[in-house]
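A short worksheet on the structure shown next.
The values are calculated or read from the model by the stated rules, or taken from the named source; none is laboratory data. These figures come from a predicted structure and were not determined experimentally. Positions of Cβ are generated from backbone atoms using ideal geometry, with glycine treated the same way; all protein chains shown enter the neighbour counts.
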Amino acid sequence: MTQIKHYELGELADVTKLAGFEFTKYIKYNNYGEIIALRALNLRHGELDLTDIKRIDRSVSELLPRSKLYINDILLTYTGNGYGDCAIIEENDKYHLAPNICKIASNVEKVVPYYLYSYIRTNEFYKIMSSHMTGSSQPTIPMKTIRMLPIPLPPIVVQEKIAEVAYCINEKIRKNNAINKNLEQQAQAIFANEFLSLETLPEGWKQASLIDIADYLNGLAMQKYRPTADESGIPVLKIKELRQGCCDDNSELCSPNIKSNYIIHDGDVIFSWSGSLLVDLWCGGICGLNQHLFKVTSSKYDKWFYYAWTKHHLDRFVAVAADKATTMGHIKRDELAKAEVLIPNKKDYDRIGALLQPIYEMIISNRIENKKLAATRDTLLPKLMNGEIDISEVDYE
């Protein structure tokens, strides 16, 4: 059995943050700086998310050397409702800390950086961190408390093997995500070429609306459908879950005996029509459809067709919702009726479907595989780190 010792995080790494006065005195965001200033929103599900970035000049970064980021530095959000998310830096001379994130620089003689990152990413660490958070509207944890958080530590050679297991799983997930990004771009290009580049309507084609090609089922007020004492509840799919692509321990539960058409399965098309407007192929497992979300189905047309057209109109829906917004933007069903759709003749419909349907099926398959990989990682790693399972028992080649 592997011997496991526990250390405080501060014994294994240097934990620092960008001081408030440093931010206000030195940091000036711009659109052309060479260095990306990483904020809390740039940490998502254990990875860097560079969808929305702020830049600073290299000269500014050089003025704050303790907040510069290097390969194997670990980032952790310590305040706000998104606290506990993390990432590991894989490039030098590219990033700098912004507020609300701390930098964890491992002492490599004591701990393997990727091992430490993998533990910080576990639900076990999140729960420990959560127990020390204070405040409700803006939960936070002091740096000195973060430095005291316990870390299970096997010998270095075991850490290296556990880190390799974690890396192999994470890389497979990344590759699937990269494949899906490419597939989505292909699908958009095909859709645009087949439907959006037409100058005249081909013979046998007709104009219609989203309402004509699909049913948009609004979800239930799930607070009325809680599981009874003798039921094992299922997660409730809300906007938060749709945005993150999965349910989690904080997701509410509902009765599994709600009407079957309100039960969501992998591959279902879900459209959030209020608040954050999103259209996606759900691959987060069985759950119950909450209000403010549409489940999109059709008895006449295939998924590729009504998904592609609904997604096509999303930008316009977002603009409509923003224009009408008071506290939370939304769209009404009459906007669906105004959303124009082109329905091909059968020959063209089958031809286009033969191009798009396999793409969407592959995207769904890859997402489901990623969910299984993540579940394996999140179950296996804590047991390896705590010595419940010996690394020699794991085949990860």
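Details
- Among the residues making up segment 35-87, those that are in contact with a strand residue (DSSP E or B) (Cβ under 6 Å, 6 or more places away or on another chain) and β-branched (Val, Ile, Thr) are Ile35, Ile36, Ile53, Ile56, Ile74, Thr77, Thr79.
- Selection from segment 222-280 of residues that are touching a Ser or Thr at 6+ places or on another chain (Cβ under 7 Å), of a type in the set (D, E, K, R) and surrounded by fewer than 16 Cβ atoms within 10 Å (Cβ to Cβ): Arg226, Glu231, Arg243
- Selection of segment 183-210 for residues being farther than 27 Å from Ile331 by Cβ and either touching a helix residue (DSSP H, G or I) at 6+ places or on another chain (Cβ under 9 Å) or touching a residue at least 24 places away in the same chain (Cβ under 8 Å) (or both) yields Leu183, Gln186, Pro202, Glu203, Gly204.
- Within segment 38-68, the residues that satisfy the criterion of being of a type in the set (A, V, I, L, M, F, W, C) and out of contact with any Asp or Glu (no Cβ under 9 Å at 6 or more places or on another chain) are Leu38, Leu50, Ile53, Val60.
- Residue within segment 192-209 that is in a helix (DSSP H, G or I), modelled with pLDDT of 95 or more and surrounded by 13 or more Cβ atoms within 10 Å (Cβ to Cβ) present: yes
- Matching residues in segment 164-189 - criterion: being among the aliphatic types (A, V, I, L, M), crowded, with 16+ Cβ neighbours inside 10 Å and either farther than 22 Å from Ile389 by Cα or in contact with a Ser or Thr (Cβ under 6 Å, 6 or more places away or on another chain) (or both): Ala166, Ile173, Leu183, Ala187
- Within segment 308-327, residues that are at negative phi and part of a helix (DSSP H, G or I) sit with their Cβ atoms under 6 Å from residues that are at pLDDT below 85 and not charged (D, E, K, R), at 6+ positions apart or across chains, in these pairs: Phe317/Ile331; Val320/Ile331; Ala321/Gly329; Ala321/His330; Ala321/Ile331; Ala322/Gly329.
- Test result for Asn81, in contact with a Ser or Thr (Cβ under 7 Å, 6 or more places away or on another chain) and either outside the structural domain of Pro113 (by TED's automatic domain parsing) or not in a strand (DSSP E or B) (or both): no
- Matching residues in segment 127-163 - criterion: being assigned to a strand (DSSP E or B), surrounded by fewer than 19 Cβ atoms within 10 Å (Cβ to Cβ) and touching a residue at least 40 places away in the same chain (Cβ under 8 Å): Thr140, Pro150, Pro152
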